[in-house]
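A short write-up of the structure that comes next.
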Ligand SMILES: Nc1ncnc2c1ncn2[C@@H]1O[C@H](COP(=O)(O)OP(=O)(O)O)[C@@H](O)[C@H]1O
Ligand SMILES: [Mg+2]
C-alpha cells in the first residue's frame, strides 16, 4: 500500500501517475491491457487502473470493447463483481478505467500456493454466485478462468471471490455478437463456448484437483 499522495514506482516502465492517481506498481497484464496499482488520495484507498495497451488503442473495435467492459462493470453494482468508478484517457490517447483494488490475488494464485479442496470448492460456489449476478444483468462473461476470478479478504480474514475481466463479455440483449469463439483456450467448455456459466465447470474441475498439486508439507497444514 502506498502512502497518500506518494508515487513509488517499483515496476520498470511504470507510469508515475495515471490521471489523478499516483501509481506504485503493476498488478497484472493480459493480451490487451495492463493493470496498475494506484492510490486515490481523495478517498485514501488503493485502486486498480486498467489501461489499454498502446498497440491496441488505435483499433476502434478493441477500444470499443474496452469501453464496453468499463460500462458493464460500472452498471453492475454488486460486491461479487469488481466495481468501476472512474474512466479517462491518457495524454497519448490510451483509455483507462479505475476499479476497486482487490487485495488477495486470484483463484489461480491460490491454486499455485495450495489450498484445501473444501475451501477451493467454497470459492468456486462463490464464483458461481458472481456469474449469476452478471446473468441477472443479462451479461455473459465468456472468459471464466481462475485468473479472472479475483479475491478480496473480508474483515474476518476469509476470502471472497469477485468476478473481473469482462473484456470479452457481451450482453445477451445484443444479438450482433454472433457465435464467435472467444476466451482463454484451456477453459473453453466443449459444448457451449459462448456461455460464461458453463466455463465455470472446467474452472471448478481445475480447483478440485488442487489437492494433488500441494506439496506434502502444504497438504499437512492446508489441504
Ligand atoms: N481490480 C483489481 N484488483 C487487483 N488486481 C487486479 C484487478 N483487476 C485486474 N487485476 C490483475 O490484473 C490481471 C489482468 O487483469 P484483467 O482484467 O484480467 O486483464 P486482461 O483483460 O488483460 O486479462 C488480473 O489477472 C489480476 O492479476
Ligand atoms: Mg484476464
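Computed from the coordinates by the stated procedures, all read-outs in this text should not be read as laboratory data. Just so it is clear, the model here is predicted, and its values are computed rather than measured. With ideal geometry, Cβ positions are generated from the backbone for all residues, glycine too; neighbour counts draw on all protein chains shown.
Structural remarks
- Here the Debye sum runs over all C-alpha atoms of segment 17-100 as equal scatterers in vacuum, and log10 of I(q)/I(0) at q = 0.19 Å⁻¹ comes out as -0.82.
- Neighbour counts of C-beta atoms inside 10 Å place 80, 17 in the sequence 17, 80, starting with the fewest.
- Each of 24, 171 was scored by other Cβ atoms within 10 Å of its Cβ. Arranged with the fewest first, they read 171, 24.
- Placing a pseudo-label 7 Å from each Cα along the Cα-to-Cβ vector at residue 83 and residue 205 gives an inter-label distance of 3.6 nm.
- Gain on full stretching of the segment that runs from residue 103 to residue 119 - 0.36 nm per residue minus C-alpha separation: 4.0 nm
- Fewest neighbouring Cβ atoms within 10 Å first, the residues 145, 89, 152 line up as 89, 152, 145.
- Peptides ranked, highest mean first, by Cβ atoms within 10 Å: ranges 42-49, 135-142: 135-142, 42-49
- For segment 41-167, diffusion coefficient by Stokes-Einstein and Kirkwood Rh (Cα), 25 °C, 0.890 mPa s, µm²/s: 158 µm²/s
- Distance between the 7 Å Cα→Cβ label points at residue 129 and residue 53: 3.5 nm.
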